[in-house]
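A single structure is presented below for examination.
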Amino acid sequence: MTDRDLLRALRERRSRPRLVAPAPGPGELAELLAVAAGAPDHGRLRPWRFVVVDESARGPLGEAFAAAHAERAPEATPEQLEHSRTKPLRAPLVVVVVASPVAHAKVPQWEQHASAAAVAHGLVLAAAVAGFGAIWRTGWYGDAPKVRAHLGLTAEETVTAWVYLGTPAGPAPAPRPEVPLPVTYLR
Ligand SMILES: Cc1cc2nc3c(=O)[nH]c(=O)nc-3n(C[C@H](O)[C@H](O)[C@H](O)COP(=O)(O)O)c2cc1C
């Protein structure tokens with residue numbers, strides 16, 4: 001792949017909500033995480049970490065989603081709980097990007113969260129270049145005590161992204177519309 005090919009792949013990347021097996025294998029995933037970990041990081045604090053939810057870990061995570069849903073909405077119907085239970089099954093692999101900010105004299109918390117966001121997007125971009133599909137999702141589940149406990153988050157940590165990964169399925173999304181970019185050149 002030439003540099004121009006790489007730029008094209010990055011420019012034409014689209015999020016892929018429908019993802020099937022195969023997911024990146026262990027070696028490929030390690031490479032993608034290493035690329036993502038190269039995100040800008042003021043003070044080299046590494047204020048983030050990854051929680052990998054592989055194929056076999058998706059079921060238990062879905063149970064945690066359903067339990068959190070039942071706790072949040074005791075009136076939820078079985079169908080609604082099932083909807084939550086199956087959410088992690090939408091891709092063969094999910095990587096949770098967790099922001100782990102630390103108290104620091106020079107690097108405020110927002111910068112550390114920005115670094116975690118850069119890591120998440122880096123993972124999405126790396127997956128695309130490697131020929132996989134990905135989508136960054138969020139939602140209330142990451143704030144739910146039962147899900148936080150399942151992920152092993154500390155009180156300071158938050159979920160920045162659920163990055164769903166796999167092989168794209170379904171029709172390719174339409175090309176990104178050409179719109180003027182909000183750019184101002186200072187004179
Ligand atoms: C912080 C953040 C949270 C997001 N949460 C969701 C989500 O929960 N569900 C979803 O479908 N898309 C979510 N998105 C949007 C997708 O990741 C993606 O950007 C969007 O589908 C546009 O697709 P594109 O990347 O092809 O332009 C989120 C994006 C960001 C930055």
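Within 10 Å, count the other beta carbons around each residue, average over each peptide in 84-97, 109-122, 139-152, 2-15, and list them highest first. If you can, show how the numbers build up before the last one.
On the way: 84-97: 21.5, 109-122: 19.2, 139-152: 16.5, 2-15: 11.1.
Averaged packing, sorted descending, gives the order 84-97, 109-122, 139-152, 2-15.
Would you mind telling me the share, in percent, of accessible area of the chain contributed by carbon and sulfur at probe 1.4 angstrom? Please list the in-between numbers first.
Working: 6410 of 10950 Å².
The C+S portion of the solvent-accessible surface of the chain is 59 percent.
Relative contact order for the range 16-168: what is it in percent, counting Cα pairs under 8 Å that are at least 6 residues apart?
This gives 38 percent for the range 16-168.
Report the Cα centroid-to-centroid distance between the range 119-140 and the range 149-187 in angstrom, as an integer.
With the range 119-140 and the range 149-187 each reduced to a Cα centre, they are spaced 7 Å.
Roughly how many debye, to the nearest 20, is the charge dipole of the range 47-128 about its Cα centre, given +1 on each Lys and Arg Cβ, -1 on each Asp and Glu Cβ, and no other charges? All intermediate terms of the calculation are to be shown ahead of the outcome.
On the way: 7 positive and 8 negative charges, 62 e Å.
Charge dipole, the range 47-128, about its Cα centre: 300 debye, nearest 20.
Ok, one more. In Å², and per residue, what accessible area does the range 16-151 have when probed at 1.4 Å with the other protein chains present? If you can, show how the numbers build up before the last one.
Details: 6840 Å² over 136 residues.
Ligands and nucleic acids excluded, the figure is 50 Å² per residue.
While we're here: Set Lys and Arg Cβ to +1 and Asp and Glu Cβ to -1, take the dipole of the chain about its Cα centre, and tell me which of Ala99, Tyr185, Ala70 lies farthest positive.
Tyr185
Quick one: among Val163, Val35, Val53, which has the greatest mean-square fluctuation in a GNM of the chain with alpha-carbon springs under 10 angstrom?
Comparing Val163, Val35, Val53 in a Gaussian network model of the chain, the most mobile one is Val35.
Rounded, prolate or oblate, given the Cα gyration tensor of the range 45-180, with a/c below 1.5 counting as rounded? Walk me through the numbers before you get to the answer.
Working: a/c = 1.84, a/b = 1.06, b/c = 1.74.
Since a/c reaches 1.5 but b/c is at least a/b, the shape of the range 45-180 is classed as oblate.
The values are calculated or read from the model by the stated rules, or taken from the named source; none is laboratory data. All values reported here derive from a predicted model rather than from experimental measurement. Neighbour counts run over all protein chains shown; Cβ positions are idealised from the backbone, glycine included. Just the protein is used for accessible areas: all its heavy atoms, side chains included, with ligands, DNA and RNA removed. Shrake-Rupley method; radii C 1.70, N 1.55, O 1.52, S 1.80 Å.
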